[in-house]
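Values quoted throughout were computed directly from the atomic coordinates according to the rules given, and no laboratory measurement underlies them. Only a predicted model underlies this, so the values are computations on that prediction, with no experimental measurement involved. Neighbour counts are summed over all protein chains in view; Cβ atoms, including those assigned to glycine, are modelled from backbone coordinates with ideal geometry.
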Amino acid sequence: GAGVSQSPSNKVTEKGKDVELRCDPISGHTALYWYRQSLGQGLEFLIYFQGNSAPDKSGLPSDRFSAERTGGSVSTLTIQRTQQEDSAVYLCASSPGTSWGNEQFFGPGTRLTVL
Amino acid sequence: QKEVEQNSGPLSVPEGAIASLNCTYSDRGSQSFFWYRQYSGKSPELIMSIYSNGDKEDGRFTAQLNKASQYVSLLIRDSQPSDSATYLCAVNRPSGSARQLTFGSGTQLTVLP
């Protein structure tokens, strides 16, 4: 079946511009996660959605970052007034539900470059 | 102390050898453990999950879990050059509202032909 998809695969923007990154999770998966991975670094948790519950935004680095998930499916991560330190690969993952044993499956990522 | 620690490597093994990757975690309440493989320029790919103490085998991969000692390991038998990648250990965070995973920083493995 189809895996997690993300778009665009690459995004180059100028400092100060806003960007939107999209994630389409695996069909039927109720949990969706956003991570950020800077070059040569580990995964940094950003935000988590579970069904219709309020998202866990504890990982968002600043108020320039926001995310929404419409209809419990597609999610959009928005970065306002981008800065050069926002340059990274943004990864989306989904998992089947709330059980602690649920495995997360990653999309291919969006590589963001802020000039 | 980091929540999930891995040796950063790089770890080099000859083709055909056993590669051993180790991970320790700090939260005794963690119940689920995962190994991901990440090729350069690609996203993480789930290769193993383990929830109970002991060994779990899947093909050339064996995951080992020891909750008392708070470590989880991954053994790769008959290592192949195609196994060369960064291996990420991930552990669930049992507290809080989110079923989040905390990832280690990864161990870079190189299998030499």
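Assuming 0.692 mPa s and 37 °C, estimate D for the protein assembly as shown with Stokes-Einstein, Rh taken as the Kirkwood radius over Cα pairs, in µm²/s.
Numbers: Rh = 18.2 Å.
Stokes-Einstein gives a translational diffusion coefficient of 181 µm²/s.
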### Where a label projected 7 Å from the Cα of A:Q84 along Cα→Cβ would reach, residues of segment A:1-28 with amide N under 16 Å
A:13-17
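Given contacts defined as C-alpha pairs under 8 Å and at least six residues apart, what's the relative contact order of chain A, whole-number percent? Working shown, then result.
Values: 280 pairs, mean separation 43.4, N = 115.
Normalised by residue count, the contact order of chain A is 38 percent.
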### Task
Given the options A:D24, A:D56, A:D86, state which has the largest fluctuation in a GNM of chain A using a 10 Å cut-off (strictly under) for Cα springs.
A:D56
## Note on the structure
Short to long, in 5 Å steps from zero, the percent of alpha-carbon pairs of segment B:15-113 per bin is 3, 14, 25, 24, 19, 10, 5, 2, 0, 0
### Query
Gap in Å between the Cα centre of segment A:25-95 and the Cα centre of segment B:40-113?
23
### Query
Among B:V13, B:V91, B:V72, which one shows the biggest mean-square fluctuation in a GNM of chain B, springs joining Cα atoms closer than 10 Å?
B:V13
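Can you count the Lys pairs in the protein assembly as shown with C-alpha separation below 24 Å, eight or more apart or on different chains? Don't skip to the answer; put the middle values down first.
Details: A:K11/A:K57; A:K11/B:K42; A:K15/A:K57; A:K17/A:K57; A:K57/B:K2; B:K2/B:K67; B:K56/B:K67.
Step by step, the pairs that qualify in the protein assembly as shown add up to 7.
Mind sorting B:S43, B:S52 by how few other Cβ atoms lie within 10 Å of their own Cβ, fewest first?
Numbers: B:S43 22, B:S52 10.
Neighbour counts put them in this order, fewest first: B:S52, B:S43.
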### Query
Quick one: if you stick a label point 7 Å off each Cα along the C-beta vector at A:N10 and A:R22, how many nm between them?
2.0
#### Entry: Summed residue charge, Cβ within 12 Å of A:I79's Cβ, Lys/Arg positive, Asp/Glu negative
+1
### Task
Over the alpha-carbon set of chain A, work out the extent along each principal axis and list the three values in angstrom, largest first.
39, 27, 25
### Task
Evaluate the distance, in nm, between pseudo-label points positioned 7 Å from the Cα of B:Y71 and of A:E68 along their respective Cα→Cβ axes.
4.9
### Query
Which residue, A:T82, A:T70, A:T13, has the most motion in a Gaussian network model of chain A that connects Cα atoms within less than 10 Å?
A:T70
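Over segment B:40-113, what is the relative contact order in whole percent, taking alpha-carbon pairs under 8 Å and six or more residues apart?
On the way: 102 pairs, mean separation 16.3, N = 74.
Once normalised by length, the contact order is 22 percent.
Using the Cα centre as the reference, give the magnitude of the dipole from point charges on the C-beta atoms of the protein assembly as shown (Lys, Arg: +1; Asp, Glu: -1; all else neutral), rounded to the nearest 20 debye.
Details: 20 positive and 21 negative charges, 58 e Å.
Around 280 debye, computed over the protein assembly as shown.
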### Query
Other chains near B:102-109: what is the mean number of their Cβ atoms within 10 Å of each residue's Cβ?
3
